Each structure stands twice: as structure tokens, then as C-alpha cells.
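The values are calculated or read from the model by the stated rules, or taken from the named source; none is laboratory data. On a predicted model such as this, the values are computed, not experimentally measured, just so you know. Don't worry about glycine lacking a Cβ; one is built from the backbone with ideal geometry, like all the others, and counts go over all protein chains shown. Just so you know, the surface numbers come from the protein's heavy atoms only, side chains and all, with ligands and any DNA or RNA stripped out. Shrake-Rupley method; radii C 1.70, N 1.55, O 1.52, S 1.80 Å.
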Amino acid sequence: MTTMNLTLDPWIPALRADGRRELFSLQDLFAKAHELRDLAVKPHERIALMRLLLCITQAALDGPVDEDGWQNCQPLIQPRVREYLGKWRTAFEMFGDGQRFLQMKPGVAAPATPVMEHEGITRLNLSMASGESNATLFDNSASDEREFTDAKSALSLLTYQCYSPLLGRGYRGRSPCADNSMLHTFLIGRTLLDTVRLNLLPQTVIEDSYSPHGTGRPVWEVAYSTNLTEEVQRMLTQSYLGRLVPLARSLWLESPTSMTLANGVVYDGFLDSGYREATATIVAPKTKLLILKARTDRAIWRELPAVCVKRRQADGVSGPLAFRNTWANSE
């Protein structure tokens, strides 16, 4: 297989100011974020990429600590992220025998688990049909033998770890982003750098929402190739940064066409544990708190009254956590 490092090699589609769509590495994306208009991807890919960019930024800043820090952090983002990605560059390798980005061989997180060997890599892309019975609504071919480019493999891997559905008998849990088919909400700025800053969370908000593990650490700062202790799994599933970029499946890319797939880390949903995703909206249609679902039969604008709730302290109802920032006067 080829070599690819996500900090150095282009794989993220984004729009330049003139509307041109290009692929960027993580380093280049952040370096040019003040010039780039937006990401240029499908909705579920946008959610996965935004979670990655926010996780990197919050870890690089080690903050912001509070509201004042959030207001003044934008000039710090690019230099801090450049230094951070340089420090953790080896954790963003896609291939090779060492630690790979969001990949681990079966048995590390869940020793007794069903394993799909030599599974078609097409399964990683949720808009593609694979197997004999999968619908072909967005895809005219149902072949598992298709080959992905390295850039497509990277984006599909990240998105699949965020959105992995139930796999069948013997497999546990959905990925955090798929919990209850939630509606995800982000604030969009004039540039990609503005967008990242608008969606950062002060540590005061994180500590209030992710007790007892609080901010936590990103998954790539954990040596998960050969060992994943119960303590580490609790940090990954119960902290803000740990949940942002999940390791929901033990997944190992074998070739441009195949992979090995098994159970990974189990992320409890909101109804099971109360851990909410930062971009989710919490509603109480009757007496029970629920996550606001994304529905094809109901226009999103009809949900704005619920999404725009900053917080109702008495009952836990609130829109996305970024709405607690004082962003109304932001450019």
C-alpha cells in the first residue's frame, strides 16, 4: 500500500474564495483557513470533518478557557494548530505497521467480537451501495470490489467512524453522530477560520456538560494500536474531545479495496447515559428529554424555535452548546 499522512497529504475538499474546489492537507487547510470559503463535502462528511477540525483546534489551544478566551482566540488558532499537528504528525498516518489514524486491529477494544475479514471498502462510504441487497438510490453499482483513492479512503474512514450504524448480530452500538438520528447544527462564518472559531467551546461550558471527565483528550493522543484499557475507554466515551472523533469500530484497511471490521469502543447514547453531542438540540416534547431528530418529512426551519434555545436551566432543554457563546456580534 502507499504512504499517506493526513497532516501533509491533500484529502479534505474545500472551496477557495473564487469558488474553486481543491483538496487540502490538514496543515494546508488550517494555514489557508482565513482565505477558504467553506468545506465542499456532503452533509454527513461535513459533520465528521467539523468535529475533527474542532477537536484539533481545542486540543492545540488547550482551551479557550472561558468566554473572554473564546472572544480573543482566533489569532492563536493557526500558529497553535501548526505546532500541534507537527507534534502529533505520526498519529495521522493512514497506512503502515505502526499506529494509524482511527484504525486498530480487531481484539484491541473488544477481545471477543465477530470479525468481518476482507470486507469491501465500499461499506465505508454511506452513499454507496454494497452487497447483494443494499439499495442503490445514490449509487448505480452494488459491487464491493471498487477501489478508493487514498484521499477518498481517509474521508470515508473518518465519516464512517462518526456515523457507523448497527452492523448486525454480535455487534454493539452506533457511532455518536448517529444517535437517535440527531439533527446537527453548526454556526457558519464568512471563512473557514471564522466557522471553526464560532463553534469552539470554552472549557467552562465543556466542564458543565461533560462531567466528570470534562475536556479529555483526542483519540490520536492515546496509544490504541496494542492496548486500550478500561480507564482510557471511559475517557474516550465520557469526555468532550474523546467523543468528538470516535473509534466506534475496530477497522483496519488491508488494501485499496478491502478492510477488516469488528466492534470498537462503545459510545452510550443520550438516553442511556445523558452524554449529549455538542451540536445536538435537546427537547422535552412531554416530560422526557430527547434529542431533536433530523426528519425528511419536516422542514428544518420549523425546528428553529427549539434549536435557538440557549439553555433552560430548570429542565436541561437547550440548543447546540456553541449557541451559549456570545457570537451575535461576531463577524
In straight Cα distance, which lysines are under 27 Å from Lys42, not counting same-chain residues fewer than 8 positions off? Lys32, Lys152, Lys293
Need one number: nm distance between label points at Thr2 and Ser181, each 7 Å from Cα along Cα→Cβ, rounded to one decimal. 3.8
Which order, highest average first, do 289-298, 248-257 follow once you tally other Cβ atoms within 10 Å for each residue and take the mean per peptide? 248-257, 289-298
Can you find, among Ile291, Cys308, Asn263, the residue farthest towards the positive end of the dipole of the range 257-316? Put +1 on the C-beta of Lys and Arg, -1 on that of Asp and Glu. Cys308
Highest mean first, how do 207-213, 238-244, 32-38 rank when packing is the count of other Cβ atoms within 10 Å averaged over residues? 238-244, 32-38, 207-213
On a C-alpha basis, how far is the centre of the range 249-316 from the centre of the range 59-82 in Å? Whole number, if you could? 26
Probe 1.4 Å, all protein chains present, accessible-area order of Arg80, Arg174, Arg51, largest first: Arg174, Arg80, Arg51
In a shell of Cβ-Cβ distance under 14 Å around Gln78, excluding Gln78 itself, what net charge do Lys and Arg (+1) and Asp and Glu (-1) give? 0
Starting from the Cα-Cα distance between His34 and Arg82, subtract it from 0.36 nm times their residue separation and give me the gain in nm to one decimal. 15.9 nm
Residues in the range 85-108 near a label at Glu221, defined as backbone nitrogen under 17 Å from the 7 Å Cα→Cβ point? 85-92, 102
